[in-house]
1. Pairs, please: C-beta under 6 Å, at least 6 apart or cross-chain, first residue in a helix (DSSP H, G or I) and in segment 423-438, second surrounded by fewer than 14 Cβ atoms within 10 Å (Cβ to Cβ)?
2. Residues being assigned to a loop (DSSP other than H, G, I, E, B) and under 30 Å from Gly397 (Cβ atoms): count how many of those fall in segment 559-571.
3. Being farther than 21 Å from Thr375 by Cα and of a type outside the set (A, V, I, L, M), is that true of even one residue in segment 527-537?
4. Looking at this structure, is Val550 assigned to a loop (DSSP other than H, G, I, E, B), of a type in the set (A, V, I, L, M) and either without any contact (Cβ under 8 Å) to a residue 24 or more places away in the chain or closer than 17 Å to Ser626 by Cβ (or both)?
5. Restricting attention to segment 410-418, does a residue exist that is among the small types (Gly, Ala, Ser), buried (at least 24 other Cβ atoms within 10 Å of the Cβ) and part of a loop (DSSP other than H, G, I, E, B)?
6. For residues that are touching an Asp or Glu at 6+ places or on another chain (Cβ under 8 Å), among the small types (Gly, Ala, Ser) and outside any loop (DSSP other than H, G, I, E, B), tally how many sit in segment 206-246.
7. Under 7 Å by Cβ, and 6 or more places apart or on different chains, what pairs join a residue from segment 238-261 that is of a type outside the set (A, V, I, L, M) with one that is part of a helix (DSSP H, G or I) and at pLDDT below 95?
8. Taking into account only those residues within segment 310-359 that are over 19 Å from Ser394 (Cβ atoms) and without any contact (Cβ under 8 Å) to a residue 60 or more places away in the chain, which is surrounded by the most Cβ atoms within 10 Å (Cβ to Cβ)?
Amino acid sequence: MSLSCMSVRRGLLATALGAVLAPAIAASPSAPLSIMSTADPAAPKVAYDGLLVTYKSGTSERRNAAAGAATLQRVLRAPATASQFAAVHRATTPAIASTRRLAIGADLVRPNRRLSEGELDTLMRTLAADPAVAHVEPNRYWRHLRTVRATAAAAPNDPGFEVQWHFRAPDGTIETLAPDPGVANHGGIDLLGAWQYGRGAGVVVAVLDTGITDHPDLDTSLANAGYDFISNAINSGRATDGRAAGGWDTGDWSTEDRFLVENGGCMVPGEQRPSSWHGSHVAGTIAQITDNGLGMAGVAPDAKVLPVRVLGHCGGTTADIADAIVWASGGSVPGVPENKNPAEIINMSLGGYGTCPSDSAYAQAIAAARQRGTTVVVAAGNDNNDAASFTPASCPGVINVAATGITGKRAYYSNFGANITLSAPGGGVYPDDGVSGQSVRTGFVWSAGNRGETTPTEPGYVGQSGTSMAAPHVAGVAALVISAAVQAGRPVPTPQEMREILTQTSRDFPVRPLRQIGVGILDAAKAAARGAGSAAGGDEPTAIRMARTVPVTGVSAAADAGVLYRIDVPAGARNLQIRTYGGRGQVKLLTRVGRSPAPDGSNATLRSTRPGTTQSVQVTIPLADSYFVRLVGGTGGFQGVNLVATYSPAP
């Protein structure tokens, strides 16, 4: 299952949880929940709290909620709809009620009765067939799984910075957390090297999670300014439905019988768990108070965390999370006060199985946030599966983060695939970042937590592993990049520029991964330096941009010298071909996605080095990314060579 976190207690340590797919949830009389299977046959069925209906741009339904409601009623009252439900399901057409309009313009509607899986599918298809409707999707729940705890017993005396290997330079220094054996650190992000350029001052990072707890090592100055977007009482823990001011974590436990499905709750036996305090751990990684002689450090200690509660006892719904994305980035949400602290960065260490098409609620909310200049960082998922089948990991425009361990290897649980942006420390569980064995604590990621099993009690610190831990490392470094740029008098990077800074300054994997997990491992020092205007990382900024089908002519270079080019390939493109022709001598064509290839071709994604000047590489389904092309001279160099890149654009 997705985005779980492996955690270990240490002194006053608390466990924490990751966000995943929800199991079946019982219906309430006022808002019956429907149950459907996911596309993954191995995953449990999930509950949906109604449907989200998005209308096409320019329609009266998009402009006016009353018009949208009228259209849906017309569709459901049509004789053809009644005939279909009678013939296929031997049932009457369900009535639906419009509950509210989301900030992105979609309507949340609920049927008046519990629907079978087949009925829900028919209802969705019927509504989607109307010419005014762009997209229909279930308003599904997303929530945490149980924590997997390490079995090592003894805990060190000091839970401070010395256990945070993930912040140190990956120089092979032996890290030891007794009684575990020492491990050479090849997975850290070199944080200390980044702070010379700034420590995140003036940057707001919104953490969409379980909220934040009162903790002496967490800056909670924006906790009251945050917001609780959970709208259902059983999920929020409040006495009545409705959202509330403040981003405080009041607990997300489900251990009481009232949370069982048979009692109208949201959990099945065996899935109940104590409170996770997941949001506090994520917030601590990003901006835990540093240099205060207490506890541990954070990536961007001078940044401000804006806690936005979207995950409660049952997790969180698509509708609530989509509205939270819009609000956190400075957009307007009906019925919610203005966000006076709009975030430059949003971190979402949550998700589950399911794709994220461009017209879905998640995708629209993320696109709106990016248009406001907000960078959106998400966790790839912990299913050891292709992240393309997970949301929000597969949403367009996000920085999708996989997890590596202390050795720099891919964490065995981490999702992978072509849509991973880069990797960051998520922590391991077993020796040498293996897939089994006796759990060890040296490789866990350490941050703030709480000892409470239900409501918050005594604060503490916790070690965890998961892509939920990797994402906030990237969000924190993004804050460092912004503060470095501002301190150097440079413009704040756009979301696309931020993506390029983080990827182009990333460090090559010390161990070549067998699965795709992005261009490299996060490097805080180089990213901050690039933000400040330094030529840190690779030579990508020097690349000469190419246009599709327009040849670059007359290129020459001496032996072992070369020229770097860049072609940006859009989403949906097909049949990318990059080739050289003409001229004389010996040319090597080296290509890499997202980064410049080394002159020796050691890290090239594609290469063509046959004798002469006629070289070619092809990709049938290219990534929507920048392809860097380096032409390098072989023996005697080359003269007068032409270079061209072609692809078929999306239909």
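The values are calculated or read from the model by the stated rules, or taken from the named source; none is laboratory data. Just so it is clear, the structure is predicted and the values come from calculations on it, not from any experiment. For neighbour counting, all protein chains shown are included, and Cβ atoms are generated from backbone atoms with ideal geometry for every residue, glycine included.
1. Pro431/Gly437
2. Step one: filter segment 559-571 for residues assigned to a loop (DSSP other than H, G, I, E, B), giving 560-561, 569-571.
Those left that are additionally under 30 Å from Gly397 (Cβ atoms): 569-571.
Going through segment 559-571 one residue at a time, the tally reaches 3.
3. The answer is yes, given that some residue of segment 527-537 is farther than 21 Å from Thr375 by Cα and of a type outside the set (A, V, I, L, M).
4. yes
5. Start the filter on segment 410-418 by keeping residues that are among the small types (Gly, Ala, Ser), which leaves 411, 414, 417-418.
Checking which are buried (at least 24 other Cβ atoms within 10 Å of the Cβ) leaves us with 411, 414.
This time we only want the ones that are part of a loop (DSSP other than H, G, I, E, B), so: 411, 414.
Yes, some residue in segment 410-418 is among the small types (Gly, Ala, Ser), buried (at least 24 other Cβ atoms within 10 Å of the Cβ) and part of a loop (DSSP other than H, G, I, E, B).
6. Here the count works out to 4.
7. Taking only residues 6 or more apart or on different chains, the pairs are Thr240/Ala233; Asp241/Ala233; Asp257/Asn263.
8. By that ranking, first place goes to Gly330.
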